[in-house]
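In what follows, a structure is listed as structure tokens, so that the remarks can point back to it.
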Amino acid sequence: MHALALVADSVLDPAGSGAGEIARLWWVMVVATLVPFGVVLALLVVALLRARGTETRRPFLERFTDRQLIAAGGLGLPLLALVPVAVMTIGVGRTIDAEARPGASAFEIEVTGKQFWWDLRYPAPGSTDPRGPGSFRAANEIHVPVGRPVTLRLVSDDVIHSFWIPRLHGKTDLVPGRVNRLTINADRPGEYRGQCAELCGLGHAFMRLVVVAQPAEEFREWWERQARPVRSRPAQSVRQTFANSCGPCHTIEGLYDDPAVFSGTFGPDLTHVASRARLGNLIPNTREGLGRWIVDPEGVKPGNLMPDVGLDGDQLSEIVDYLRTLE
Ligand code: CUA
């Protein structure tokens with residue numbers, strides 16, 4: 001069951017400020033280009049129907065020289081169509097830039113593009129800086145409050161990726177060594193699907209993301225829950241399996257008191273992995289799905305960088321049970 005269907009939603013069904021402006025601009029462009037196109041086609045048909053091999057001109061056109069006709073049709077008409085589009089494009093660009101100014105939104109989320117997933121860093125609940133004290137990591141599923149502008153600080157760890165949630169905003173690249181900002185503001189609750197929009201390697205087509213826009217209260221609950229480290233202690237055997245097989249790439253915040261034990265940041269943070277609806281936004285986050293992912297990462301998400309770590313049946317079952325408790 002490969003979930004290639006429903007990669008993203010339609011640009012023409014906007015649910016946020018940036019996407020709304022882009023959709024309006026798109027419709028203006030359609031009209032500004034289709035109308036002249038239709039006029040030219042109509043004139044062409046008329047010319048073809050009237051072609052008799054003679055060079056007589058209609059009395060009205062007699063009044064103009066060839067140069068004047070070419071200037072009006074080849075320069076005047078396109079300008080008439082394109083100038084309003086250009087003016088509107090500059091306006092939309094300025095609005096989007098103004099929205100993305102640091103400080104123009106409720107808070108910032110740092111989104112790091114990685115081959116081939118989205119690493120998220122949230123500020124501590126109530127604060128604004130995702131690099132400030134108390135910040136925490138999540139992955140692939142971006143929760144935001146409805147009706148409040150939230151700025152995404154877009155960076156990349158490896159190659160160029162492109163952040164794209166069609167119903168919320170246009171594409172913005174994540175470029176190594178640069179910080180790009182994009183402010184989204186969902187105007188109604190819902191799940192908005194997206195996809196990396198820049199070819200970034202083997203797993204590019206599977207680099208999905210989703211924005212979950214929630215009412216303020218619900219979002220606040222999610223935010224506070226995600227910020228809490230794990231308090232339950234797993235059995236020693238689970239700790240051992242995690243440290244040996246998962247810890248080099250994944251972290252469970254709070255699992256280790258000893259910082260010398262592996263707690264990698266190469267892969268997604270698993271502190272609240274069970275709270276996500278899907279794994280990598282590809283398969284349902286169930287016991288079976290989690291097991292499949294660990295046993296056959298390549299089969300679930302071709303091109304992904306997670307190896308089969310070779311757990312035996314007991315280890316697998318224990319680790320899956322434990323991960324399922326991390327809500
Ligand atoms: Cu990341 Cu394509």
Worksheet item: Where a ≥ b ≥ c are the square roots of the eigenvalues of the C-alpha gyration tensor, would you call the chain rounded, which needs a/c under 1.5, or, failing that, prolate if a/b is larger than b/c, or oblate?
Response: prolate
Discussion item. Using only the alpha-carbon atoms, how far is helix 17-50 inclined from the longest principal axis of the chain? Give it as 0 to 90 degrees, nearest 10.
Written reply: 30 degrees
Practice prompt. Considering only E62, E198, E288, give the residue with the highest GNM mean-square fluctuation for the chain, with springs between Cα atoms whenever their separation is below 10 Å.
Written response: E62
Discussion item. Using the crude model of +1 on Lys and Arg Cβ and -1 on Asp and Glu Cβ, and no other charge, please compute the dipole size for segment 227-327 relative to its Cα centre, in debye to 20.
Written reply: 360 debye
Response to the item:
Note on the chain: contact order normalised by length, alpha-carbon pairs under 8 Å, 6 or more apart, percent, works out to 17 percent
Practice prompt. Take segment 146-199, compute every pairwise Cα distance, and split them into 10 Å bins from 0; I just need the percent in each bin.
Written response: 25, 51, 21, 3
Worksheet entry | Antiparallel DSSP beta bridges within segment 94-249, percent to nearest 5 | 70 percent
Worksheet entry | Max mean-square fluctuation residue, GNM over the chain, Cα-Cα springs under 10 Å, options S237, S275, S162 | S237
Item to complete: Describe numerically, in nm with one decimal, the distance between label points set 7 Å from Cα along Cα→Cβ at D321 and at R148.
Response: 4.0 nm
Worksheet item: Looking at segment 140-186, which trypsin sites (Lys or Arg not before Pro) are in a loop (DSSP not H, G, I, E or B) and have at most 13 other Cβ atoms within 10 Å?
Response: R178
Worksheet item: Of the residues A205, A274, A98, which exhibits the maximal mean-square fluctuation in a Gaussian network model of the chain defined by a 10 Å Cα contact cut-off?
Response: A98
Discussion item. Nearest 500 deg cm²/dmol is fine: what mean residue ellipticity at 222 nm does the chain get from its DSSP H runs of n ≥ 4 alone, each adding -39,500 (n - 2.57), divided by its residue count?
Written reply: -10500 deg cm²/dmol
Worksheet entry | Dipole magnitude of the chain, debye to nearest 20 (Cβ charges: Lys/Arg +1, Asp/Glu -1, about Cα centre) | 1420 debye
Fill in: segment 253-327, Rg to Rh (Cα coordinates; Rh as Kirkwood inverse mean 1/r)
0.95
Worksheet item: Of all trypsin sites (Lys or Arg not before Pro) in segment 82-141, which ones are in loop regions per DSSP and have a Cβ with at most 12 other Cβ atoms within 10 Å?
Response: R131
Discussion item. Using Stokes-Einstein with the Kirkwood hydrodynamic radius over Cα pairs, what translational diffusion coefficient do you get for segment 134-283 at 25 °C and a viscosity of 0.890 mPa s, in µm²/s rounded to a whole number?
Written reply: 145 µm²/s
Worksheet, complete the sentence: Against the 2.2 N^0.38 Å rule of thumb, the C-alpha Rg of segment 200-327 sits at a ratio of 1.08
Item to complete: Indicate, rounded to the nearest 5 percent, the antiparallel portion of the DSSP beta bridges found entirely in segment 83-157.
Response: 60 percent
Item to complete: Find which of Q214, P123, F37 sits farthest along the positive direction of the dipole of the chain, computed with +1 on the beta-carbon of Lys and Arg, -1 on that of Asp and Glu, about the Cα centre.
Response: F37
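Antiparallel DSSP bridges in the chain: what percent, to the nearest 5? Don't jump to the answer; show the numbers that get you there.
Details: 26 of 37 bridges.
So the antiparallel bridges amount to about 70 percent of the total.
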Item to complete: For segment 38-161, just run the numbers: alpha carbon Rg, then divide by 2.2 N^0.38 Å, N being how many residues it has.
Response: 2.03
Fill in: Given charges at Cβ of Lys, Arg, Asp, Glu: the chain dipole, positive-most of G113, L279, A47
A47
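Readers should treat all values here as calculations from the given coordinates under stated rules, not as data from a laboratory. The structure presented is a predicted model; accordingly, all values stated were derived computationally and were not measured. Glycine also receives a Cβ, built like all others from the backbone with ideal geometry; neighbour counts cover every protein chain displayed.
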